[in-house]
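A.B. asks: Right, I'll just put the structure down here and ask away after.
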Amino acid sequence: MHLTEQQEAEIAAARGQRSATARPTVPALEGMLFEAMPVLDHGFVRVIDYMGDDTAIVQAARVSYGRGTRRVSEDAGLIRYLMRHRHSTPFEMCEIKFHVKLPIFVARQWIRHRTANVNEYSARYSILDREFYLPAPEHLAAQSHANRQGRGDVLAGKEAAHVLELLRGDAIRCYDNYAEMLNEDEAGAARDPSRQGLARELARMNLTLNTYTQWYWKIDLYNLFHFLSLRADAHAQFEIRTYAETILRAVAAWVPIAHQAFLDYRLGAVALSAQMLAVVRRMLAGDTVEQADSGLNRREWAELMGALKG
Ligand SMILES: Cc1cc2nc3c(=O)[nH]c(=O)nc-3n(C[C@H](O)[C@H](O)[C@H](O)COP(=O)(O)OP(=O)(O)OC[C@H]3O[C@@H](n4cnc5c(N)ncnc54)[C@H](O)[C@@H]3O)c2cc1C
């Protein structure tokens, strides 16, 4: 992750500000505010602002006149009940805003989550940084044979070096041609005064998908949990998963009770179909159940066995 001196100074100034407020605040999250948490080679996640805490969930659920909290154990019990039974609206009372720097191909996956508010860095207006994501050697893997949407063994030796060279070389060449077409230096001055330079909105189409973009992303806690349930899951691509895991750290600091309920009832939980439940019941009754007489297809059977074995 690279931040300029000016960016570091702006973050330090923001972190030094204090505001008096009657609203509830969360000291653990206050301590993380504005800080750039590194992700991948040049990316980051920063918490910019938030509204609500664990007690705001309880307050909304009880439609209370005051804070709405009782004993911590009662509040935790209520939050866990709400999570277990997918009673969603109390979680929507909490909101959080992030500043995220991420490769464009990760942004394309991320933007599919429609229940957030987004404002992206404008590459029509500004010039994108000369920064590209290059996978660390342990993440440079071959196509998986078992899963068409996944990766298999890590590439090694000459092949790994060749692939990295191609990724790096193509990104640099495309960026250099972008800069050439723009005909602008970093300060915005013309490189060659005899040329007009291509518009930024057109020149950007030459960039590779591992170029970094940035956005502000605001979402309520319910929809954030939905995002995290899909993107912090083992089936998510490694790159977006590392962002989701970083966000999870902020969520743990922000709403520790709801975070634990999410781990217990969503991220670490498994949904069983009616047929799967019937198989488990037969097994508990001592029956020997085979896939052929289970009522499950092979894939469902494998998923159930995988879940039961852990
Ligand atoms: C592992 C993985 C693989 C994927 N592979 C592909 C792929 O190959 N191709 C592809 O195109 N996408 C793919 N996706 C994206 C996926 O199909 C979803 O678009 C994405 O995960 C966003 O999910 P969502 O719509 O539930 O989330 P959000 O947009 O955040 O919506 C949250 C919830 O709000 C509700 N909602 C939001 N908008 C609407 C609406 N307009 N109408 C009705 N309900 C709405 C739904 O209940 C939804 O679940 C993949 C995602 C994952 C996690």
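Read-outs: derived from the displayed coordinates by stated rules, not from any lab. These numbers come from a predicted model, not from an experiment. Counting neighbours? That spans all protein chains shown, and the Cβs are built from the backbone with ideal geometry, glycine included.
A.B. asks: Considering the convex hull of the alpha carbon atoms of the range 100-170, report its projected area averaged over all viewing directions, in nm², one decimal. Don't jump to the answer; show the numbers that get you there.
C.D. replies: Working: hull surface 27.3 nm².
Result: 6.8 nm².
A.B. asks: Right, next: Picking from Q109, V154, Y125, whose Cα lies most toward the positive end of the charge dipole for the range 109-221 (charges on Cβ: Lys, Arg +1; Asp, Glu -1)?
C.D. replies: Of the options given, the answer is Q109.
A.B. asks: Still on this structure, I have one more. Compute the distribution of all C-alpha to C-alpha distances in the chain, in bins of 20 Å from 0, and list the percent of pairs in each, rounded to whole numbers.
C.D. replies: Going from the shortest bin to the longest, the percentages are 25, 49, 24, 3, 0.
A.B. asks: What does the charge dipole of the chain about its Cα centre add up to, to the nearest 20 debye, if the Cβ of each Lys and Arg holds +1 and the Cβ of each Asp and Glu holds -1? Present the calculation step by step, with values, prior to reporting the outcome.
C.D. replies: Working: 37 positive and 38 negative charges, 216 e Å.
The calculation lands at about 1040 debye.
A.B. asks: Something else about it: Which net charge results for the neighbourhood of D153, defined as the other residues with beta-carbon distances under 13 angstrom from its beta-carbon, given Lys and Arg at +1 and Asp and Glu at -1? Before the final figure, lay out each step's value.
C.D. replies: Details: positive: R151; negative: E138, E159.
Taking every other residue near D153 into account, the sum is -1.
A.B. asks: Return the lysines within reach of K97: Cα separation strictly under 21 angstrom, same-chain partners fewer than 8 residues apart disregarded; answer none if there are no such residues.
C.D. replies: K218
A.B. asks: While we're looking at this one, here's another question. In cubic angstrom, how much convex hull volume per residue do the alpha carbon atoms of the range 86-207 span? Numbers along the way, then the final one.
C.D. replies: Values: hull volume 20.4 nm³, N = 122.
Given the Cα convex hull of the range 86-207, per-residue volume reads 167 Å³.
A.B. asks: In cubic angstrom, how much convex hull volume per residue do the alpha carbon atoms of the range 35-110 span? All intermediate terms of the calculation are to be shown ahead of the outcome.
C.D. replies: Details: hull volume 9.9 nm³, N = 76.
So the per-residue Cα hull volume is 130 Å³.
A.B. asks: Return a whole-number percent for the relative contact order of the chain, with Cα pairs under 8 Å and 6 or more residues apart as the contact set.
C.D. replies: Working: 381 pairs, mean separation 68.1, N = 310.
Dividing the mean separation by the residue count of the chain yields 22 percent.
A.B. asks: Related question: Output ³J(HN,Hα) for the range 224-233: one whole-Hz value per residue in order, computed from phi by the Karplus curve 6.51 cos²θ - 1.76 cosθ + 1.60 with θ = phi - 60°, and x for Gly and Pro.
C.D. replies: Calculated HN-Hα couplings, in order: 5, 4, 5, 4, 5, 5, 8, 9, 9, 7 Hz.
A.B. asks: What ³J(HN,Hα) values, in whole Hz, does the Karplus curve 6.51 cos²θ - 1.76 cosθ + 1.60 give for the range 90-102 when θ = phi - 60°, with x put for Gly and Pro?
C.D. replies: My calculation for the range 90-102 gives x, 6, 6, 6, 9, 10, 8, 10, 10, 10, 10, 10, 8 Hz in order.
A.B. asks: Under a point-charge model restricted to the Cβ atoms of Lys and Arg (+1) and Asp and Glu (-1), what is the dipole moment magnitude of the range 64-151 relative to its Cα centre, in debye to the nearest 20? Before the final figure, lay out each step's value.
C.D. replies: Numbers: 15 positive and 8 negative charges, 59 e Å.
Roughly 280 debye, rounded to the nearest 20.
A.B. asks: Here's another thing I want to ask about it. Give the order of W215, W254 when sorted by the count of other beta carbons within 10 angstrom, beginning with the fewest. Could the numbers behind the result be given before it?
C.D. replies: On the way: W215 18, W254 23.
The most exposed by this proxy come first: W215, W254.
A.B. asks: Which listed residue (L182, L277, A20) has the Cα farthest towards the positive end of the charge dipole for the chain, taking +1 on Lys and Arg C-beta and -1 on Asp and Glu C-beta about the Cα centre?
C.D. replies: So the residue we want is L277.
A.B. asks: Turning to a different aspect of this structure: Quick one: which residues, 5 or more positions from D49 or on another chain, have an amide H under 5 Å from its amide H? H modelled 1.01 Å from N in the peptide plane, none for Pro or chain starts.
C.D. replies: Amide H neighbours of D49, under 5 Å, 5+ apart: K97.
A.B. asks: When DSSP beta bridges are limited to those with both residues in the chain, what percentage is antiparallel, rounded to the nearest 5? Don't jump to the answer; show the numbers that get you there.
C.D. replies: Details: 27 of 27 bridges.
Here the share of antiparallel DSSP bridges comes out near 100 percent.
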